[in-house]
Amino acid sequence: MAVYESALDLIGNTPIVDVSALSPNPRVRILAKLEGQNPGGSVKDRAAKYMIEEAEKDGRLRPGSVLIESSSGNTGIALAMICKVRGYHLKVVLPENVSIERRQLLEVWGAEIIPSPGGEGSNGAMRRAIELAGEHPEWVFLHQYSNQANAKAHYEGTGPEIWRDCPELTHFIAGLGTSGTLMGAGRFLKEQNAAVQVWAVEPPVGEMVDGLKNLDEGYVPELFTANDGFDLLDRKMIVRPRESIEWTRRLTEVGVFSGISSGAIMAAAVKAAKLLDEGTLVTIVCDGGWKYLSTGAWTDGLDEVEARAKGIIYF
Ligand SMILES: Cc1ncc(COP(=O)(O)O)c(C=O)c1O
């Protein structure tokens, strides 16, 4: 086992585990890439590191720089961790109703929190961050929804790791938020084998699942269009919040303690396994379950968890 110079060098190279015990079809294997093993706890460590390193290379980020971000989720946490280690000051616009764990983690990594109205949700926080970035051109706004370094992190990291560890894959199934994971890893995998199917997991219009977006909601990330997302994706799978919670629970049967979007992806993989004759599906477990403990997702009734999730931004 090597000794690493920095915790940031531990980003990437995550393990893949066989979770086929949850597959309803004995001829379809389901494999899960455990992104919660990254030091900041999620797949977003990859994009955050690439976006920061790119901004350092092109001179936008210099020692002592200030960054502004609007994520209440994994990107904010990942950026906060890297900023703390690299000595940058991060301001995060955060809706007042985010779950306690998210606020605490941003505080752990020393980010400055700028509250935004809870009723306006994460889109309101993003609008406020764009306004503030406009008023303060000296602040660096990495804007993960349009930053090509986000997809590049997956084109150079996640995709090659999957190809190295599992060249027999037939399907790559991941959630769609900024689309960085799907655009980057999906493109890399199709370039290696054009027969690999790339499937996106989305919640239905008007419903929320942790970090995931429905493209029909009206906001298509620039990253998605810039990477010809509509051509790249072979299929979209719609998964509801309740199924996501159910499959987040089921994942514990195979020793995987995950966040809720990973439950959504697993629900989609299980549906895919029913549709297909045979295959090897590689899925992404975006993060661990720690940040979601206060949802009661593993312990409380499904109705109760669903109702609770409507008032608080957990996901
Ligand atoms: C928990 C979680 N799941 C899924 C995603 C979606 O990944 P991407 O933004 O690469 O599309 C994100 C990121 O927004 C996330 O934080």
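The values are calculated or read from the model by the stated rules, or taken from the named source; none is laboratory data. Owing to the predicted nature of the structure, the values given are computational and were not obtained by experimental measurement. Because the Cβ atoms are built from the backbone with ideal geometry, glycine has one as well, and the counts that use them run over all protein chains shown. The area values use the complete protein model at the heavy-atom level, side chains included, leaving out ligands, DNA and RNA. Shrake-Rupley method; radii C 1.70, N 1.55, O 1.52, S 1.80 Å.
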(Q) Residue pairs, Cβ under 9 Å, 6 or more apart or interchain, first in region 77-106 and closer than 21 Å to A133 by Cα and open to solvent by 10 Å² or more (accessible area, probe 1.4 Å), second acidic (D, E) and not in a helix (DSSP H, G or I). List them. (A) H89/E112; K91/E69; K91/E112
Q. Looking at region 55-67, which of its residues are of a type in the set (A, V, I, L, M) and either surrounded by 24 or more Cβ atoms within 10 Å (Cβ to Cβ) or modelled with pLDDT under 95 (or both)?
A. L67
Q. Restricting attention to region 107-119, and to residues there that are part of a loop (DSSP other than H, G, I, E, B) and touching a Lys or Arg at 6+ places or on another chain (Cβ under 6 Å), which single residue is least open to solvent (accessible area, probe 1.4 Å)?
A. G110
Q: Filter region 269-315 for residues that are assigned to a helix (DSSP H, G or I), open to solvent by less than 10 Å² (accessible area, probe 1.4 Å) and modelled with pLDDT under 95 and give the result.
A: Y292, T295, V305
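Quick grid of which residues meet (1) closer than 16 Å to S261 by Cα; (2) surrounded by 24 or more Cβ atoms within 10 Å (Cβ to Cβ):
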residue: Y155; (1), (2): no, no
residue: P160; (1), (2): no, no
residue: W163; (1), (2): no, no
residue: M183; (1), (2): no, yes
residue: K213; (1), (2): yes, no
residue: Y219; (1), (2): no, no
Q.
Can you find, within region 164-211, the residue that is nearest to the chain's Cα centre (by Cα) among those that are of a type in the set (A, V, I, L, M, F, W, C) and more than 16 Å from the ligand (Cβ to nearest atom)?
A. V205
Q: Could you look through region 228-240, keep only residues that are outside any helix (DSSP H, G or I) and open to solvent by 20 Å² or more (accessible area, probe 1.4 Å), and pick out the one that is farthest from A149 (Cα to Cα)?
A: R240
Q: Go through region 267-296 and give me each residue that's more than 12 Å from the ligand (Cβ to nearest atom) and among the charged types (D, E, K, R).
A: K271, K274, D277, E278
